[in-house]
């Protein structure tokens, strides 16, 4: 195996373990997002607290926080909430007003992209669609 391939595999393993599963833990931070089509196309709309009414909001947490994401389907199309290049992924919601709860522990500082993985719903490289930043600080 080439050195470059070993480096790539090591990087992917590190990203996989950047967050821990905490489905049964009590959340210290909670965010509610409505996934759907808004005035600017596909979007996650923040609900409540500091993210209320913000399209594709930055989600700010600290290392060690137990983070709860509540994703509500706002339009009847299939949506999910996934942190790019990690194993963090909510279940999909396909029925209007259906919701899913996803909980994890933030274990590594950094800025990570969250998005909907349904085809055509998020194109972060073009600044289009359902994506935002999960910002984990020390």
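Every read-out reported here was derived from the displayed coordinates using simple, explicitly stated rules and does not represent laboratory data. Model, not experiment: these values are computed from the prediction. Virtual Cβ from ideal backbone geometry, glycine too; neighbours counted across all protein chains shown.
Each of 77, 130 was scored by other Cβ atoms within 10 Å of its Cβ. Listed from fewest to most, they are 77, 130. Length available on full extension from residue 92 to residue 25: 0.36 nm per residue minus the Cα-Cα distance, which gives 22.0 nm. Placing a pseudo-label 7 Å from each Cα along the Cα-to-Cβ vector at residue 113 and residue 128 gives an inter-label distance of 1.4 nm.
Could you list 79, 121 so that the one with the fewest beta carbons within 10 Å of its beta carbon is first and the one with the most is last?
Lowest count first: 121, 79.
In this simple spin-label approximation, residue 62 and residue 40 carry label points 7 Å from Cα along the Cα→Cβ vector, and these lie 3.0 nm apart. Neighbour counting of Cβ atoms within 10 Å sorts the residues 37, 69, fewest neighbours leading, into 37, 69. Distance between the modelled labels on residue 135 and residue 85, one decimal in nanometres: 1.8 nm (7 Å Cα→Cβ projection).
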